[in-house]
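As structure tokens, the structure follows; a few thoughts come after it.
The values are calculated or read from the model by the stated rules, or taken from the named source; none is laboratory data. Not measured: the values here are computed from a predicted model. Every residue, glycine as well, gets a Cβ built from its backbone with ideal geometry; the counts of neighbours run over all protein chains shown.
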Protein chains: 2
Amino acid sequence: MKLAVLFGGSSFEHEISIVSAITMQKIFKKTELINIFVSEKREFYLIDKKDMKSKYFSSSDYKKAKKLQLQKDGFVVGGMFGDKKVEFDTLLNLIHGRDGEDGKVASLMEFYGVPYISPRLEACALSYNKLFTKLFADSIGVKTIPYELLHKGDSRDIKTPLPVIVKPSRLGSSIGVSMVKEESELDYALDVAFEFDDLVLVEPFMSGIKEYNQAGCYTDKWELSIIEEPHKEEFLDFEKKYMDFSRDGKVGAADIDNIAAQKIQDSFKRVYGNIFKGSIIRCDFFEQNGDIYLNEINPIPGSMANYLFEDFEDMVVRLSKDLNFEQNIKIDYAYIHSIQSAKGKA
Amino acid sequence: MKLAVLFGGSSFEHEISIVSAITMQKIFKKTELINIFVSEKREFYLIDKKDMKSKYFSSSDYKKAKKLQLQKDGFVVGGMFGDKKVEFDTLLNLIHGRDGEDGKVASLMEFYGVPYISPRLEACALSYNKLFTKLFADSIGVKTIPYELLHKGDSRDIKTPLPVIVKPSRLGSSIGVSMVKEESELDYALDVAFEFDDLVLVEPFMSGIKEYNQAGCYTDKWELSIIEEPHKEEFLDFEKKYMDFSRDGKVGAADIDNIAAQKIQDSFKRVYGNIFKGSIIRCDFFEQNGDIYLNEINPIPGSMANYLFEDFEDMVVRLSKDLNFEQNIKIDYAYIHSIQSAKGKA
């Protein structure tokens with residue numbers, strides 16, 4: 001199989017997407033990877049395997065690579081003697097944050113008829129906005145942390161007792177997220193969050209919780225990863241999370257009892273449902289007193305959470321088998337014909 | 001001003017989008033229109049003003065028009081002597097249903113940096129899925145009709161007493177929607193709805209309600225249309241609604257008391273909020289016993305609901321003044337540089 005890896009993007013997580021894509025080169029042993037980079041300016045470049053090193057991008061050397069155009073059925077290299085199609089079977093959307101996780105890449109691939117692994121548009125909208133995630137989880141009976149909503153310009157007189165977590169409603173990877181322990185820190189934390197979004201969520205900081213990550217997808221059956229208990233710190237900021245994106249080793253399963261594990265797996269399946277078909281996602285849960293809370297959905301997890309799966313490469317191949325979910329709409333102009341008949345024009 | 005009108009699309013409402021676009025030719029007096037058609041196969045064509053007739057499309061004559069490619073900053077006509085850009089100031093997304101209302105067009109324009117009038121991606125996802133609309137409305141304190149959710153394959157043992165309205169969760173213009181008065185009609189209505197979606201909403205048919213439409217947008221101020229009471233039938237099906245898309249005359253304001261009107265306007269503004277910035281939408285409300293319920297959001301209303309505005313053309317011009325809401329993200333490779341330094345590679 002030939003798998004195109006799409007990475008970069010106009011995103012605060014552009015650089016960690018590069019790290020994720022470099023990690024993929026080590027993960028895939030049997031699959032040929034075609035690397036397609038989306039620059040800061042949203043131009044597409046075809047990157048040679050030998051150039052898949054972080055410095056190639058940070059030094060702007062990528063500008064010497066072949067430029068691609070996206071058009072009907074795929075990417076083409078423009079040239080003196082017409083366009084040449086870049087051949088691959090499936091595209092893996094590996095753009096973290098904006099462009100990749102907000103639904104733009106899904107829209108582009110869907111519109112131009114490129115088979116792709118990624119949450120579809122609606123699934124992206126649901127997971128990109130933390131408020132929507134909560135509304136959605138609530139509608140399918142999956143618990144989330146209670147929250148307070150603040151709009152830019154609202155009174156900052158919050159009702160949730162300190163300590164609290166302050167989060168912009170959109171964006172992933174802890175960007176703009178702060179923990180507030182004392183009254184005096186609140187204003188600054190809100191300023192930071194409002195830098196990134198008009199809508200900010202304030203959640204109680206829950207102590208005595210455990211954090212568990214569950215990744216998975218639906219191919220022709222459920223394929224769930226091991227449950228991981230991520231290395232616990234009070235709260236992970238962007239720099240600490242960053243290193244996660246280069247992980248390629250396996251990790252051990254969390255030490256978790258069967259009942260809690262079952263609850264996490266059930267919640268994952270409920271969230272994934274039909275909406276996330278075609279994607280490999282990671283859901284981050286909290287556990288407190290036996291209750292499971294969905295903390296967030298990672299629609300394009302760092303390095304695709306490969307390290308949580310026994311058999312990541314083969315799973316990607318299985319997932320690639322059936323990725324076209326959009327209904328084919330035949331336009332027969334029946335209405336226009338009938339209007340024309342009625343008007344005596346046909 | 002030059003306004004590009006984008007219409008057609010791979011949508012069940014492809015044909016009514018053509019009707020809407022033809023209507024625009026009559027509405028705009030001072031603005032030059034550039035007509036861009038999206039065919040069934042999702043190819044772009046530049047359509048001459050003289051060819052803006054329904055027969056030009058239904059007869060496939062459009063295939064003789066110039067083909068366009070979408071790329072960075074706009075559309076180009078490919079040719080023997082290189083690409084020539086199609087010049088316009090703003091694009092009006094007039095694709096009803098799939099592609100236009102589901103967020104694909106918004107994604108494409110955003111990705112390629114084309115200024116456009118349309119709900120943005122997230123607003124599309126919210127209004128395209130009727131379940132999400134309800135969850136969203138609920139979160140901002142706007143009432144909607146109570147509902148029951150059915151997944152494909154679920155028991156069809158509904159709890160809502162008849163008569164009920166059965167709707168697929170996605171799609172607009174009443175496609176797949178049925179009214180069920182008797183038990184015996186339920187199965188067929190559900191079959192029809194599940195043809196279009198995996199998720200179906202069942203709502204009680206509310207009698208003794210009034211229906212009111214409110215359109216509007218936010219330019220540098222709120223610009224709300226008159227409130228219309230649409231010609232009332234028990235329930236409008238697709239063919240009856242169709243004719244709405246060719247409306248260009250003015251309609252009279254509904255005979256409605258000030259309190260109800262105020263409630264409708266307030267609800268409209270709450271729904272529109274920041275999320276619908278950059279778009280002209282129509283919200284359809286029900287009124288019963290003084291309570292206002294949001295029935296649906298029309299993110300790309302038929303003929304842009306032009307007939308409800310005093311001053312539609314100038315409003316579009318005002319709206320065009322500020323349409324770039326996405327934050328500019330500067331990629332400086334600071335993280336990659338710092339990793340390289342740490343590794344002694346920089």
message = Quick check on the stretch A:41-61: of everything there that is outside any loop (DSSP other than H, G, I, E, B) and more than 11 Å from chain B (Cβ to nearest Cβ), which residue is surrounded by the fewest Cβ atoms within 10 Å (Cβ to Cβ)?
response = A:Lys50
query = Does the stretch B:271-299 hold any residues that are touching a Gly at 6+ places or on another chain (Cβ under 9 Å) and within 18 Å of B:Leu224 (Cβ to Cβ), and which are they?
reply = B:Tyr272, B:Ile280, B:Ile281, B:Arg282, B:Cys283, B:Glu296, B:Asn298, B:Pro299
ask   = Within the stretch B:1-8, can one find any residue that is within 11 Å of chain A (Cβ to nearest Cβ), hydrophobic (A, V, I, L, M, F, W, C) and out of contact with any helix residue (DSSP H, G or I) (no Cβ under 7 Å at 6 or more places or on another chain)?
value = no
task = Among the residues of the stretch B:201-220, write down those that are of a type in the set (D, E, K, R) and in a strand (DSSP E or B).
result = B:Glu203, B:Lys210, B:Glu211
query = Taking the stretch B:305-329 on its own, how many of its residues are surrounded by 14 or more Cβ atoms within 10 Å (Cβ to Cβ) and within 24 Å of B:Lys210 (Cβ to Cβ)?
reply = 5
ask   = For the stretch A:255-314, what are the residues that are more than 28 Å from A:Glu326 (Cβ to Cβ), among the aliphatic types (A, V, I, L, M) and outside any loop (DSSP other than H, G, I, E, B)?
value = A:Ile259, A:Ala260, A:Ala261, A:Ile264, A:Ile292, A:Leu308
query = Across the stretch A:323-341, which residue is nearest to the other protein chains (Cβ to nearest Cβ) among those that are out of contact with any Pro (no Cβ under 9 Å at 6 or more places or on another chain) and touching a residue at least 40 places away in the same chain (Cβ under 8 Å)?
reply = A:Glu326
query = With B:Ala261, B:Ala254 as the choices, which residue is at pLDDT 90 or above and more than 18 Å from the chain's Cα centre (by Cα)?
reply = B:Ala261
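Restricting to the stretch B:120-140, count the residues that are under 13 Å from B:Pro299 (Cα atoms), more than 7 Å from every other protein chain (Cβ to nearest Cβ) and not charged (D, E, K, R).
Summing the residues that are under 13 Å from B:Pro299 (Cα atoms), more than 7 Å from every other protein chain (Cβ to nearest Cβ) and not charged (D, E, K, R) in the stretch B:120-140 gives 6.
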key: Flag if A:Gly249 is modelled with pLDDT under 85 and under 30 Å from B:Gly273 (Cβ atoms)   = no
Subset of the stretch B:110-119 [within 11 Å of another protein chain (Cβ to nearest Cβ), touching a residue at least 12 places away in the same chain (Cβ under 8 Å) and surrounded by fewer than 23 Cβ atoms within 10 Å (Cβ to Cβ)] = B:Tyr112, B:Gly113
remark   = Scanning the stretch A:178-215 for residues that are closer than 26 Å to A:Ala254 by Cα, of a type outside the set (Lys, Arg) and in contact (Cβ under 8 Å) with a residue 24 or more places away in the chain gives A:Met179, A:Glu203, A:Pro204, A:Phe205, A:Met206, A:Gly208, A:Ile209, A:Glu211, A:Tyr212, A:Asn213, A:Gln214, A:Ala215
note = Among residues of the stretch B:11-32 being in contact (Cβ under 8 Å) with a residue 60 or more places away in the chain, among the polar types (S, T, N, Q) and surrounded by fewer than 24 Cβ atoms within 10 Å (Cβ to Cβ), the residue nearest to B:Asp314 (Cα to Cα) is B:Thr31
request  = Check the stretch B:96-107 and report whether any residue there is crowded, with 20+ Cβ neighbours inside 10 Å, away from chain A (no Cβ under 11 Å), over 17 Å from B:Glu43 (Cβ atoms) and out of contact with any Asp or Glu (no Cβ under 6 Å at 6 or more places or on another chain).
outcome  = yes
note = Among residues of the stretch B:28-40 being more than 10 Å from every other protein chain (Cβ to nearest Cβ) and outside any loop (DSSP other than H, G, I, E, B), the residue nearest to B:Phe12 (Cα to Cα) is B:Phe37
Tally of residues being at negative phi and either at pLDDT 90 or above or among the β-branched types (Val, Ile, Thr) (or both) across the stretch A:73-85 = 5
ask   = Counting only residues that are surrounded by 13 or more Cβ atoms within 10 Å (Cβ to Cβ) and within 12 Å of another protein chain (Cβ to nearest Cβ), which one in the stretch A:153-175 is farthest from the chain's Cα centre (by Cα)?
value = A:Pro168
ask   = In the stretch B:112-143, which residues are over 19 Å from the mean Cα position of the chain (by Cα), on the phi < 0 side of the Ramachandran plot and of a type outside the set (D, E, K, R)?
value = B:Tyr112, B:Ser139, B:Ile140, B:Val142
request  = Confirm whether A:Lys130 is among the basic types (Lys, Arg) and over 19 Å from A:Ser10 (Cα atoms).
outcome  = yes
inquiry  = Name the single residue that is surrounded by the fewest Cβ atoms within 10 Å (Cβ to Cβ) among those in the stretch A:286-304 being under 28 Å from A:His14 (Cβ atoms) and hydrophobic (A, V, I, L, M, F, W, C).
reply    = A:Leu294
